[in-house]
Amino acid sequence: MKDGFRIYDTDTHINPAAEVLDKYVDPDFRARLPELAPYRGSVGQAVEGRSEMHTYRAGTKYYRRILGEEAPRETFTGRESKWMGSKRPRPGIQDDNAENRVRDMDDEGTDVHFLIPTSWLSLVGLDDTSIEVAMIRAYHRHMAEFCGQYSDRLKGPVVTSTRRVDEAVREIREWGKARWAVAVMPLLAEGLPADHPSLEPIWREAQEHDLPIANHSFTWTPPYYPGYRDLYDNIFLGRLAAHPWGAMRFAAAFIGAGLFDRYPGLRMGVLECGFGWLPFWARRMDEQAIYVGGTAPLKMKPSEYMMSGRFFCSIEHHEGEDMLESVTRLLGDGLLMYASDYPHSECQFPDSVSNILAWKSLGAERQRKLLWENPNRFFRQT
């Protein structure tokens, strides 16, 4: 709690090292771990006295060209970023030290974290789906143990394979009622649209377990965002486009396919994608649905689904108080949710919450909705 407000951070990250994730794989997959050696890279950090840790990462895309220059720079990877906070998070908070994570939460005044996995998800880029499925299963076991230490405060998504829908359904059924599991995060393989009929069992099972669909885009690894090949090898363009572009496409496909109509109990949200684009996209979808068509039969305008209480979006601090006021005026105050991106370099730890509470023009009622009530309407209650 901070200044009398309860805080639900809807966009934080966890990235268990390979040494941690390996402990949770199925016994019959353990003999196959050497197959992952080509995707195991050093992260160069010490965690709880361990001298070196590694992470699983496949298909990393580098952006080596500076705008205005003819050729890429070999000394520039496109993965450099500036730390935006005033101090670093405690060690182990993305691996297996839940206590340190909660201590960081206490420093910021955050009550609940929604934890989104990162680099190992890139294994979706491998042809062998059994590797993807095995690591998803290991990750869920890790989450059960990690979050179970603070079950009221640490939550996360059930990650679902879209190439093995049978396994996706099995994972939702296995973990859908666990206290840590409050959403479903489909791992969309490249070339597979969110509206594809093969994914219907995932939406149906998510609705059955009252789990919303959470979409989060990525910049450097699979599952790649739309148009990732067409950014001229430049990270400024790539990072600008990755998250909002991915969210725009996902939301439009989800709404346009009539999924809200077929699954009336299903909610959907987009995370870490900005929010200022929402009114523009809502009105453009309305117009294009009439002008060119191509959607399933819809009971409402696309913009009305976005304002129906079943669509949600996390905010980003850099877009500002005036942008939040504008979006709220146009779409209502029931869809935006607080987020920090902790512990990534874009977060402002340990001042992320304080910086949002400084937006005094919102008033206490809208602040409560943004910080606590809207996230609790979006995520499953456990």
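Has the range 61-70 got any residue that is in contact with a strand residue (DSSP E or B) (Cβ under 7 Å, 6 or more places away or on another chain), surrounded by 13 or more Cβ atoms within 10 Å (Cβ to Cβ) and either touching a residue at least 60 places away in the same chain (Cβ under 8 Å) or of a type in the set (Gly, Ala, Ser) (or both)? No, that holds for no residue. Here Ala242, Ala282, Ala251 are screened, and the one residue that is assigned to a helix (DSSP H, G or I), in contact (Cβ under 8 Å) with a residue 40 or more places away in the chain and within 16 Å of the chain's Cα centre (by Cα) is Ala251. Filtering the range 296-317 to residues that are in a helix (DSSP H, G or I) and in contact with a strand residue (DSSP E or B) (Cβ under 8 Å, 6 or more places away or on another chain) leaves only Tyr305.
Residues in the range 333-361 that are within 22 Å of Gly269 (Cα to Cα), surrounded by fewer than 20 Cβ atoms within 10 Å (Cβ to Cβ) and touching an Asp or Glu at 6+ places or on another chain (Cβ under 7 Å): none.
You will find that of Ala183, Ala144, Ala138, Ala178, the residue that is in contact with a Pro (Cβ under 8 Å, 6 or more places away or on another chain) and either under 26 Å from Thr55 (Cβ atoms) or in contact (Cβ under 8 Å) with a residue 60 or more places away in the chain (or both) is Ala183 and no other. Condition test on Phe275, is it within 24 Å of the chain's Cα centre (by Cα), loosely packed, with under 14 Cβ neighbours inside 10 Å and at negative phi? Answer is no for this residue. Being touching a Ser or Thr at 6+ places or on another chain (Cβ under 7 Å), outside any strand (DSSP E or B) and either farther than 28 Å from Phe379 by Cα or in contact (Cβ under 8 Å) with a residue 12 or more places away in the chain (or both) is the requirement here; does Ser81 meet it? Yes. If only residues of the range 87-100 that are out of contact with any strand residue (DSSP E or B) (no Cβ under 7 Å at 6 or more places or on another chain) and not in a loop (DSSP other than H, G, I, E, B) are counted, the one that is surrounded by the fewest Cβ atoms within 10 Å (Cβ to Cβ) is Glu99.
Remark: Ser130 matches the filter, which requires a residue to be out of contact with any strand residue (DSSP E or B) (no Cβ under 8 Å at 6 or more places or on another chain) and among the polar types (S, T, N, Q). Residues in the range 20-51 that are closer than 30 Å to Glu108 by Cα and either modelled with pLDDT under 95 or in contact with a Pro (Cβ under 8 Å, 6 or more places away or on another chain) (or both): Ser42, Val43, Gly44, Gln45, Ala46, Val47, Glu48, Gly49, Arg50, Ser51.
Name every residue in the range 368-382 that is buried (at least 19 other Cβ atoms within 10 Å of the Cβ), closer than 18 Å to Asp3 by Cα and in contact (Cβ under 8 Å) with a residue 40 or more places away in the chain, in order of residue number. Scanning the range 368-382 gives Leu370, Leu371, Trp372. Residues in the range 153-175 that are within 26 Å of Ile93 (Cβ to Cβ), in contact with an Asp or Glu (Cβ under 8 Å, 6 or more places away or on another chain) and not β-branched (Val, Ile, Thr): Arg153 alone.
Just to be sure, is Phe254 buried (at least 20 other Cβ atoms within 10 Å of the Cβ), at pLDDT 95 or above and out of contact with any helix residue (DSSP H, G or I) (no Cβ under 6 Å at 6 or more places or on another chain)? Judged against the criteria, Phe254 is a match. For the range 334-351, indicate whether the set of residues that are in a helix (DSSP H, G or I) and either without any contact (Cβ under 8 Å) to a residue 12 or more places away in the chain or among the aromatic types (Phe, Trp, Tyr) (or both) is non-empty. Scanning the range 334-351 turns up no residue that is in a helix (DSSP H, G or I) and either without any contact (Cβ under 8 Å) to a residue 12 or more places away in the chain or among the aromatic types (Phe, Trp, Tyr) (or both).
The values are calculated or read from the model by the stated rules, or taken from the named source; none is laboratory data. Since the model is a prediction, treat every value here as computed from it, not as a measurement. Virtual Cβ from ideal backbone geometry, glycine too; neighbours counted across all protein chains shown.
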